[in-house]
Amino acid sequence: MKIRITFPVGSVEGELNDSETAKAIYESLPIKARANTWGKEVYFGIPVFKDEENAVSTVNKGDIGYWPPGHALCLFFGPTPISKGNEIRPASPVNIVGKITGNLDILEKVDDGMDILIEKV
């Protein structure tokens with residue numbers, strides 16, 4: 001399940017996995033949202049309401065996560081304010097729903113409040 005996430009500064013592509021959370025996200029596309037940043041994480045609320053599904057407390061660079069408490073999609077590209085060392089730690093456990101397959105450098109340019117469009121490719 002391929003997706004594109006477009007910001008005013010560029011876009012990234014990703015591949016969603018076969019989890020129930022990822023399927024629910026894919027079925028709800030396209031989605032318009034507003035960006036929030038937290039360290040090297042871009043996240044934004046989406047109209048998908050799922051509980052934890054194999055949730056993890058640390059993630060890898062390029063992971064796409066779903067954060068159940070905030071009903072948010074999270075794009076991880078480096079440490080967050082609560083990371084220890086080189087780990088990438090979300091605010092609380094996230095469901096890994098996919099991986100960014102394109103260039104992560106665009107995410108460095110995303111600012112709070114930027115418009116986002118998430119769509120099927």
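FYI, it's all coordinate maths here, none of it is from the lab. All of these numbers come straight from a predicted model, not from anything done at the bench. Heads up, the Cβs are rebuilt from the backbone with ideal geometry, glycines too, and the neighbour counts pull from every protein chain shown.
Here is how the numbers come out for the structure above:
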quantity: Selection from segment 1-21 of residues that are among the aliphatic types (A, V, I, L, M), more than 18 Å from residue 59 (Cα to Cα) and either within 14 Å of the chain's Cα centre (by Cα) or surrounded by 19 or more Cβ atoms within 10 Å (Cβ to Cβ) (or both); calculated: 3, 5, 12
quantity: Matching entry among 55, 91, 72, 24 (being under 14 Å from residue 119 (Cα atoms) and either surrounded by fewer than 17 Cβ atoms within 10 Å (Cβ to Cβ) or not charged (D, E, K, R) (or both)); calculated: 24
